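Notes to accompany the following structure.
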Amino acid sequence: MPTNTVKVPKSSFPQRARTTTSEGTIVTNSSSQELSTVTRIRDFLRMNPLVFMGSKVEGDPHNFIDNMWKILKVMHVIETEGFKLVAYQLKNVENILYEQWEESRDEEADAIIWHEFEENFLDHFFPQDLREANEEEFVNFKQGEMSVKEYGLKFAQLSCYAPEMVPNMRFKMRKFV
């Protein structure tokens with residue numbers, strides 16, 4: 001042992017409770033919640049969630065919400081945390097609108113849950129007249145020159161706009177295709 005080394009008793013340092021993460025990292029309690037949040041965000045981003053820029057023509061709000069729902073369901077974070085992760089994927093004006101909505105809520109309002117976020121999001125970015133137009137496109141959808149496979153895929157894509165009609169329409173599709 002070198003002559004300049006001083007042995008300091010462990011009791012000289014403050015003790016903190018420690019936690020070991022699934023990756024084997026030791027974390028103090030004060031930062032374990034921060035790590036959990038960072039881990040959730042990292043896991044969410046690894047699932048390649050869509051980015052929503054509704055101002056772009058290809059910005060499909062219904063598809064965006066469906067994609068987010070699937071990811072959040074797999075992560076088991078739907079009700080209370082999910083909307084925060086999804087909000088992370090809102091860009092440009094859409095993010096500003098989300099922040100304004102969040103700030104405009106009553107201070108005494110209950111915590112935001114997924115259903116409330118989804119409803120507000122769709123009301124704003126997928127207005128009723130557009131929903132009705134998509135539903136009408138679904139109702140009037142014809143096979144035309146499409147193969148049965150192409151027709152089935154397009155039918156499934158459009159059916160999300162009229163979920164209450166799908167059981168009857170699937171029967172009709174099978175019968176007339």
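A short reminder: the numbers here are calculations on the coordinates, not readings from a lab. Owing to the predicted nature of the structure, the values given are computational and were not obtained by experimental measurement. As a convention, Cβ positions derive from the backbone with ideal geometry for all residues, glycine included, and neighbour counts pool all protein chains shown.
Descriptive notes on the structure:
- Anisotropy class of segment 75-152 from Cα gyration tensor, a/c 1.5 cut: prolate
- Using the Cβ-Cβ distance between Gln128 and Glu150 with R0 set to 30 Å, the FRET efficiency from 1/(1 + (r/R0)^6) comes to roughly 0.55.
- At R0 = 30 Å, FRET efficiency that the Cβ-Cβ distance of His76 and Gln143 yields, to 0.05: 0.15
- The trypsin sites (Lys or Arg not before Pro) found in segment 109-169 that occupy coil by DSSP, while having at most 16 further C-beta atoms within 10 Å, are Lys142.
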